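Trainee: Have a look at this one before I ask anything.
The values are calculated or read from the model by the stated rules, or taken from the named source; none is laboratory data. Being a predicted model, the structure only gives us computed values, none of them experimental. Cβ: placed from backbone, ideal geometry, glycine included. Neighbour counts: every protein chain shown. The area values use the complete protein model at the heavy-atom level, side chains included, leaving out ligands, DNA and RNA. Shrake-Rupley method; radii C 1.70, N 1.55, O 1.52, S 1.80 Å.
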Amino acid sequence: MVERLRAWGQPFLSYHPGLVRDTLAYHGCAELFQDVHTELIQYRRAQMIRQGIISDELNVDSHLQRENGSCPLMPEEVGLLLRAMGYPSKTIIYLAGSQTFGGQRLLIPLRAMFANLVDRTSLCSKTELSDLVGPETPLPSDIFQLPRPKSESEIKEEWNRAGPRPRPLPPPPERRIYPHEKEGWYGWITETDKEPNPSPRDLRMQAHRLLWDALDYIISVEADAFFPGFNNDGSGWPDFSGLVMGQRLYERASSRTYRPDRKTIAALFDITRGNMYHPKHDWTFSVKEHLNKSLSEEGLIRQSLLSKPNSFLSHPLPECSCRISSLELTKQIEGKDG
């Protein structure tokens with residue numbers, strides 16, 4: 001996959017959105033989405049509260065969290081940042097991550113700005129990806145079954161048990177749940193308020209996503225530039241972008257790895273929210289100045305202060321750097337490889 005990206009004859013940038021359902025629920029970023037996705041994040045946040053993972057309230061002001069830098073950058077915002085940095089529309093951007101919560105709808109603005117937005121499905125065929133998984137035992141298909149309609153006698157019995165008169169009119173008949181609304185891993189939300197346990201098919205898909213994440217991790221480490229949509233999530237465990245940034249720093253400290261301050265970026269976007277696609281020159285200059293500083297020593301120091309309390313894997317220097325002075329190596333030894 002890396003060779004196929006290199007074969008295009010130009011550098012490529014890897015971008016990991018960091019839009020993971022657990023992360024969004026942990027920080028309370030539900031209001032940044034719409035429709036069923038907001039509800040799904042709130043379901044997961046309520047589950048985390050019951051499990052004791054979160055001690056905060058269920059409803060949180062997501063826009064305040066975004067201003068504090070606790071929410072991931074949206075793909076549209078990343079596209080505007082890259083365009084402000086001077087990246088041309090033909091830039092190759094590899095989309096890392098096995099799943100982007102919110103679906104392809106969120107990626108439409110980014111694809112409009114950068115036509116060469118590719119992922120593993122663009123570089124590999126279905127056969128190549130399935131060969132990595134290997135043979136698997138077939139699972140029974142999830143057959144959608146409509147609920148049994150109530151008989152006329154049951155409806156009359158419920159009406160008689162409704163209580164003393166005067167009574168309101170009976171509720172309208174329940175809307176039919178169509179099969180296309182049941183498709184997908186979020187189909188349970190149309191029938192119940194409690195999220196069911198993952199099915200065997202869901203568990204198998206989670207295992208596949210671990211493999212896709214491993215592929216994307218290698219490509220992100222080898223990329224000419226890397227832009228994280230979210231890192232330093234505060235959970236105490238290293239996240240995908242944090243691990244990539246740490247390994248890129250360890251192997252090639254001079255690699256082009258952006259370390260944006262999401263709080264500063266949110267403030268910049270609030271300035272030009274009504275004119276995002278045609279910002280003023282001073283706004284573009286501010287974005288360039290901030291992102292260039294994130295590539296330099298200032299960005300390394302800020303990243304170190306944020307990541308060290310959680311995990312040194314996101315910033316392995318100087319723990320994993322060589323501390324032997326070159327003056328102490330008095331005798332050189334030549335190995336078989338020269």
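Trainee: So, for the chain, what is the accessible surface per residue at a probe of 1.4 Å, expressed in square angstrom?
Mentor: Here the per-residue accessible area is 62 Å².
Trainee: Just in segment 214-305: which chymotrypsin sites (Phe, Trp or Tyr not before Pro) are loop by DSSP and have at most 13 other Cβ atoms within 10 Å?
Mentor: Tyr277
Trainee: Let me ask something else. Tell me, what is the 1.4 Å probe accessible area of Arg273, in Å² to the nearest 10?
Mentor: 100 Å²
Trainee: May I ask you to give the percent of accessible area on the chain that is carbon plus sulfur, with a probe radius of 1.4 Å?
Mentor: That share works out to 55 percent.
Trainee: Specify the residue with the greatest mean-square fluctuation among Ser130, Ser304, Ser14, computed from a Gaussian network of the chain linking alpha-carbon atoms under 10 Å apart.
Mentor: Ser130
Trainee: Is segment 192-280 best put as rounded, prolate or oblate by its Cα gyration tensor, with a ≥ b ≥ c the root eigenvalues, rounded for a/c under 1.5, and otherwise prolate when a/b is larger than b/c, oblate when not?
Mentor: Oblate, since a/c reaches 1.5 and b/c is not below a/b.
Trainee: Which residue, Asp213, Asp131, Asp202, has the most motion in a Gaussian network model of the chain that connects Cα atoms within less than 10 Å?
Mentor: Asp131
Trainee: Now for a different question. If I ignore ligands, DNA and RNA and count only protein heavy atoms, how much of His281 is accessible to a 1.4 Å probe, in Å² to the nearest 10?
Mentor: Looks like 150 Å² after rounding.
Trainee: Something else: Using DSSP to call loops (not H, G, I, E or B), can you name the trypsin sites (Lys or Arg not before Pro) in segment 83-165 whose Cβ has at most 14 other Cβ atoms within 10 angstrom?
Mentor: Working: sites: Arg83, Lys90, Arg105, Arg111, Arg120, Lys126, Lys150, Lys156, Arg161; in loops: Lys90, Lys150, Arg161.
For trypsin sites (Lys or Arg not before Pro) across segment 83-165 that sit outside H, G, I, E and B with at most 14 neighbouring Cβ atoms in 10 Å, the list reads Lys90, Lys150, Arg161.
Trainee: At 1.4 Å probe size, with no ligands or nucleic acids counted, give the accessible surface of Leu215 in Å², nearest ten.
Mentor: 40 Å²
Trainee: With label points built 7 Å along Cα→Cβ from the Cα atoms of Glu136 and Arg256, find their separation and express it in nm.
Mentor: Taking the simple label geometry, Glu136 and Arg256 are separated by 3.7 nm.
Trainee: If you rank Glu39, Glu195 by how much accessible surface each has, with a 1.4 Å probe, what is the order from largest down? Provide the component values of the computation, followed by the final result.
Mentor: Details: Glu39 90, Glu195 50 Å².
If we order Glu39, Glu195 from most to least accessible, we get Glu39, Glu195.
Trainee: While we're here: Segment 50-157: which GluC sites (Glu not before Pro) are DSSP loop and have at most 12 other beta-carbon atoms within 10 angstrom?
Mentor: Answer in residue order: Glu57, Glu136.
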